[in-house]
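The values are calculated or read from the model by the stated rules, or taken from the named source; none is laboratory data. Only a predicted model underlies this, so the values are computations on that prediction, with no experimental measurement involved. Because the Cβ atoms are built from the backbone with ideal geometry, glycine has one as well, and the counts that use them run over all protein chains shown.
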Amino acid sequence: MTTKAETVLVTGGAGYIGSHMCVELLQSDRQVIVLDNLCNSSAASIDAIQRITQKQLSFVEGDVRDSDLLARLFAQNEIDAVLHFAGLKAVGESVAQPIKYYDNNLNGTLRLVEVMSAAQCKTLVFSSSATVYGIPDSVPIDESTVTGAINPYGRSKLMVEELLTDLYEADPSWRISLLRYFNPVGAHASGEIGEDPNDIPNNLLPYISQVAVGRLEKLNVFGNDYDTPDGTGVRDYIHVVDLVKGHLKALEYLAKGPKLAIHNLGTGNGYSVMEAIKAFEKCSGTTIPYEIASRRLGDAAVSFADPTKANTELGWQAQFDLDRMCEDVWRWQSTHPTGYPKA
Ligand code: NAD
Ligand code: UDP
C-alpha cells in the first residue's frame with residue numbers, strides 16, 4: 001500500500017526563506033502549493049525552485065488576507081499542513097507604517113487560521129523571530145526568556161504568537177509550531193535562489209554582499225563601542241538551508257500529536273560585524289570598504305540563541321558555519337548582481 005504524499009501550503013513561498021523551504025519540501029517528496037502576492041518577491045524564484053528540484057509546484061498569486069481565495073484553495077486541495085511565511089519584515093518601515101504591518105501580519109494570520117479551522121486543517125508552522133525577545137538581559141537566549149518586542153514588526157510577531165496560543169488553548173486539537181528565527185543568511189548551494197531585497201538592504205549580510213558586488217559603495221558599521229570583544233554588534237547568523245530543515249523537523253514533531261510548541265532556530269554561536277566582514281572578504285576575495293557609524297536605534301549589543309530545545313525536542317541542529325554562509329551568499333550575489341531577472 002502506498003501512502004499519499006503530504007500536501008503543504010506555503011504562504012510567502014516565493015520569498016527568501018519560503019523559496020528555500022519549497023526546495024526542501026519538494027526534495028522530501030511533498031506536494032507544494034505556494035500562495036504569494038509577490039509584494040516582496042519575484043515569480044522567477046518559483047521557476048528556480050522547479051529547476052533545482054526538477055519537480056513542479058502549484059503557484060497561486062494572491063493575498064493571504066483573501067479569505068475567499070484561501071477557502072477555494074482548501075476546497076480544491078487536501079492540504080495537510082501550512083507553513084506561514086507571508087508577512088512584512090522591515091523593522092524601519094514598520095515604525096513608519098505600523099498599520100500596514102499589523103494589517104498584513106495579524107490579519108493575514110487571522111484569515112488563514114479561520115479558513116484552516118473551517119477546513120479542519122489544524123497543522124501550522126509560523127515564522128516568528130528572535131525579535132520577540134527585544135533587548136535581552138542575558139545571552140544565550142532560551143525560549144523561557146521574557147518577551148518584549150520593541151517595534152511594530154516585533155510586536156506583530158508577538159501578537160501572532162499570542163493569538164495562536166489562545167487558539168490552541170481554546171481548541172487543543174491544533175498542532176502549532178512557533179519558530180523563532182535568529183539571523184537567517186546564506187543561499188541555496190546551487191546559487192539559483194537567494195535573498196533579493198527590493199530596496200537598499202537593512203540587514204548586514206545582504207548589505208555586505210551588495211558592497212562586494214559593487215552595487216553599494218561602503219558598509220556603515222552601526223557602532224563599535226558595544227560591550228563586545230571588538231565593540232561591534234554580535235548576532236547568531238544561521239544558514240537559510242539549516243533554518244528550513246528545522247521546519248521539516250517541526251512538521252515531524254507536530255505529526256506526533258496536538259501541541260503548541262516554541263523553538264529557537266539559531267546556531268548558538270555569535271559573530272560580530274567585523275567577523276562577518278572578514279569572513280565575507282575571505283570567501284569572496286573582495287575587500288569590503290566600511291566606515292564606523294553611530295549605533296542603530298533599538299539594536300541589542302549581543303543576541304544569540306540557546307538552541308538546546310530544538311536540538312533535543314526536534315532532533316535538529318544547524319550544520320553550516322559562517323564561512324559556508326558567506327560562500328553561498330557570494331555564489332548567489334556574484335551570479336545575480338541585481339537579483340532575480342526583473343519582469
Ligand atoms: P520575504 O519578504 O522574502 O518573504 C515573504 C513573502 O511573503 C514574500 O514573497 C512576499 O511577497 C509574501 N507576502 C507578504 N505579504 C503577503 C500577503 N499578505 N499575502 C501573500 N503573500 C505575502 O521575507 P523572508 O525573509 O523570506 O521572511 C519570511 C518570514 O520569516 C516572514 O514572516 C518574516 O517576518 C520571518 N522572519 C524573517 C527573518 C529574516 O531575517 N529574513 C527573521 C525572522 C523572521
Ligand atoms: N549592521 C551594521 N550595518 C548595517 C546593517 C547591520 O553594522 O548596514 C549591524 C547591526 O547593528 C547588528 C548586525 O549588523 O549588530 C546585524 O544586523 P541585522 O540588521 O542584519 O540583524 P538584526 O539587528 O535585526 O538582528
Practice prompt. Scan segment 272-308 residue by residue and report those that are farther than 16 Å from residue 203 by Cβ and among the hydroxyl-bearing types (Ser, Thr, Tyr).
Written response: 284, 286, 287, 294, 308
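Can you name every residue in segment 307-331 that is among the polar types (S, T, N, Q) and part of a helix (DSSP H, G or I)?
Pass one, segment 307-331, residues among the polar types (S, T, N, Q): 308, 311-312, 317, 319.
The answer is 308, 311, 312.
Can you tell me which residue within segment 283-342, out of those that are acidic (Asp, Glu) and under 26 Å from residue 92 (Cα atoms), is modelled with the highest pLDDT? Talk me through it step by step, then tell me what you get.
Let us first name the residues in segment 283-342 that are acidic (Asp, Glu), namely 291, 299, 306, 313, 321, 323, 327-328.
Pick out the ones that are also under 26 Å from residue 92 (Cα atoms) and you get 291, 299.
Values: 291: 98, 299: 93.
Out of the qualifying residues, it is 291.
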Item to complete: Run down 156, 209 and say which single residue is farther than 27 Å from residue 24 by Cα, within 15 Å of ligand 1 (Cβ to nearest atom) and not in a loop (DSSP other than H, G, I, E, B).
Response: 156
Response to the item:
Cβ pairs under 6 Å, 6+ apart or interchain, first in segment 41-54 and surrounded by 21 or more Cβ atoms within 10 Å (Cβ to Cβ), second among the polar types (S, T, N, Q) and in a helix (DSSP H, G or I), ordered by first then second residue, are 45/19; 49/19
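Examine segment 314-325 for a residue that is out of contact with any helix residue (DSSP H, G or I) (no Cβ under 7 Å at 6 or more places or on another chain) and crowded, with 16+ Cβ neighbours inside 10 Å, and state whether such a residue exists. Walk me through how you get there before you give the answer.
Taking segment 314-325 as the starting set, the residues that turn out to be out of contact with any helix residue (DSSP H, G or I) (no Cβ under 7 Å at 6 or more places or on another chain) are 321, 324-325.
Then keep just the ones that are crowded, with 16+ Cβ neighbours inside 10 Å; that gives 324-325.
Looking for residues that are out of contact with any helix residue (DSSP H, G or I) (no Cβ under 7 Å at 6 or more places or on another chain) and crowded, with 16+ Cβ neighbours inside 10 Å, one finds at least one in segment 314-325, hence yes.
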Practice prompt. May I ask you to list pairs of residues, at least six apart or on different chains, whose Cβ atoms are under 6 Å apart, with the first in segment 116-135 being touching a residue at least 40 places away in the same chain (Cβ under 8 Å) and aliphatic (A, V, I, L, M) and the second being in a loop (DSSP other than H, G, I, E, B) and within 16 Å of ligand 2 (Cβ to nearest atom)?
Written response: 130/182; 132/147; 132/149; 135/300
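Could you list, in sequence order, all residues of segment 49-80 that are of a type in the set (Ser, Thr, Tyr) and either more than 16 Å from residue 5 (Cβ to Cβ) or within 16 Å of ligand 2 (Cβ to nearest atom) (or both)? If you could, list the steps in order and put the result at the bottom.
Restricting attention to segment 49-80, the residues satisfying the condition of being of a type in the set (Ser, Thr, Tyr) are 53, 58, 67.
Passing the criteria: only 67.
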Worksheet entry | Residue check, residue 128 hydroxyl-bearing (Ser, Thr, Tyr), modelled with pLDDT of 95 or more, buried (at least 20 other Cβ atoms within 10 Å of the Cβ) and away from ligand 2 (no atom under 12 Å from the Cβ) | yes
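Only one residue in 183, 202 is of a type outside the set (Val, Ile, Thr) and surrounded by fewer than 22 Cβ atoms within 10 Å (Cβ to Cβ), so which one is that? If you could, list the steps in order and put the result at the bottom.
On the way: 183 fails: surrounded by fewer than 22 Cβ atoms within 10 Å (Cβ to Cβ).
Step by step, each of 183, 202 is checked, and only 202 is of a type outside the set (Val, Ile, Thr) and surrounded by fewer than 22 Cβ atoms within 10 Å (Cβ to Cβ).
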